[in-house]
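As structure tokens, the structure follows; a few thoughts come after it.
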Amino acid sequence: MNPKINTLFFDLDHTLWDFEKNSALTFKLLFQKHKVDIEIDQFMMVYRPINRAYWKKYRDGDIDKEYLRYNRVRETFVALNFDFNETLVVDIVEGYIRYLTTFKHLFPHVSEVILRLSSTYDLYIVTNGFKEVQHKKIAETPIENCFKGLINADEVGYKKPHPAIFEHALEVAGKKPEQVLMVGDDLEADVLGALNCGLHAVHFDPLREYSHQKCPIFNCFSDFEERLDSLYL
């Protein structure tokens, strides 16, 4: 175990919980239910960058959660030239909120790694996701009871990368910044946000999209556990 680091902060969506896979399964279920004639792979290809852009606007405080939830779906339908009405958008959005957390797919090797790490490190989740669904995402999964706390931006009032959410998480954990390693997929929110507050950071990049010198990068949790003890020695 690293002599300095005794606590790990994890992002949830796109880091532990496979947001893309669970989202695709949710939309597929809803499209079948509402007879939406769009191939799910085609929809997700267009939806992913739109969703990412809306989340950045939400994180920056430019839009609220309701605007994000409805308009990312509406904009995807428009981009696909799909003929829809507002009732369908409402049905899809409300169904998405209802069913998303019933899918429990974690990234490969997350369960066994988190279970082992929880016996050595203090683990916390620090997330920008909506408070009404974040707990449900890991409920009834093998990692449900591995975390000492879940710090949510909705409850704190500030979103990563704002220093206030990291400061609040440190206060909850009772740790100094140099004792904590932040693990997340978002370069700006997770990595730079943590580094700017004096925490260590490691960047989870499952799609191998990034190359930078800000911190170590790993692509699969099977690699993370082996490297953890030597990352900052």
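What to note about this one:
- Search result, residues across the stretch 29-62 that are open to solvent by 30 Å² or more (accessible area, probe 1.4 Å) and either on the phi > 0 side of the Ramachandran plot or not in a helix (DSSP H, G or I) (or both): 34, 35, 37, 39, 60, 61, 62
- Inclusion of residue 78 among residues that are of a type in the set (Val, Ile, Thr), open to solvent by less than 60 Å² (accessible area, probe 1.4 Å) and farther than 24 Å from residue 125 by Cβ is not warranted.
- Selection status of residue 155, touching a Lys or Arg at 6+ places or on another chain (Cβ under 8 Å) and either of a type outside the set (Val, Ile, Thr) or open to solvent by 40 Å² or more (accessible area, probe 1.4 Å) (or both): yes
- Residues satisfying the stated conditions in the stretch 171-192, i.e. acidic (Asp, Glu) and not in a helix (DSSP H, G or I): 185, 186
Conditions (1) under 30 Å from residue 132 (Cα atoms); (2) part of a helix (DSSP H, G or I), marked per residue:
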position: 165; (1), (2): yes, yes
position: 169; (1), (2): yes, yes
position: 194; (1), (2): yes, yes
position: 203; (1), (2): yes, no
position: 207; (1), (2): yes, no
position: 213; (1), (2): no, no
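- In the stretch 63-75, the residue that is surrounded by the fewest Cβ atoms within 10 Å (Cβ to Cβ) out of those that are of a type outside the set (Lys, Arg) and part of a helix (DSSP H, G or I) is 66.
- The residues in the stretch 2-28 that are closer than 24 Å to residue 151 by Cα and either loosely packed, with under 15 Cβ neighbours inside 10 Å or among the small types (Gly, Ala, Ser) (or both) can be counted, and the count is 3.
- Pairs are defined by a Cβ separation below 7 Å, a sequence spacing of at least 6 or placement on different chains, a first member in the stretch 177-205 that is open to solvent by less than 10 Å² (accessible area, probe 1.4 Å), and a second member that is modelled with pLDDT under 95 and in a helix (DSSP H, G or I); the pairs so defined are 189/59.
- Scanning the stretch 20-66 for residues that are acidic (Asp, Glu) and more than 23 Å from residue 106 (Cα to Cα), we see that the one that is farthest from the chain's Cα centre (by Cα) is 37.
- Residues (among the acidic types (Asp, Glu) and either in a strand (DSSP E or B) or without any contact (Cβ under 8 Å) to a residue 12 or more places away in the chain (or both)) located in the stretch 4-28: 13
- The residue list 218, 224 contains one member that is open to solvent by less than 20 Å² (accessible area, probe 1.4 Å) and touching an Asp or Glu at 6+ places or on another chain (Cβ under 8 Å), which is 218.
- Highlighted here are the helices (runs of 4 or more DSSP H) found entirely within the stretch 84-148 that include at least 2 residues which are open to solvent by 30 Å² or more (accessible area, probe 1.4 Å) and in contact (Cβ under 8 Å) with a residue 40 or more places away in the chain: 86-99.
The values are calculated or read from the model by the stated rules, or taken from the named source; none is laboratory data. All values reported here derive from a predicted model rather than from experimental measurement. Cβ sites come from the backbone with ideal geometry, for glycine too, and all protein chains shown count toward neighbours. With ligands, DNA and RNA removed, areas are computed over all heavy atoms of the protein, side chains included. Shrake-Rupley method; radii C 1.70, N 1.55, O 1.52, S 1.80 Å.
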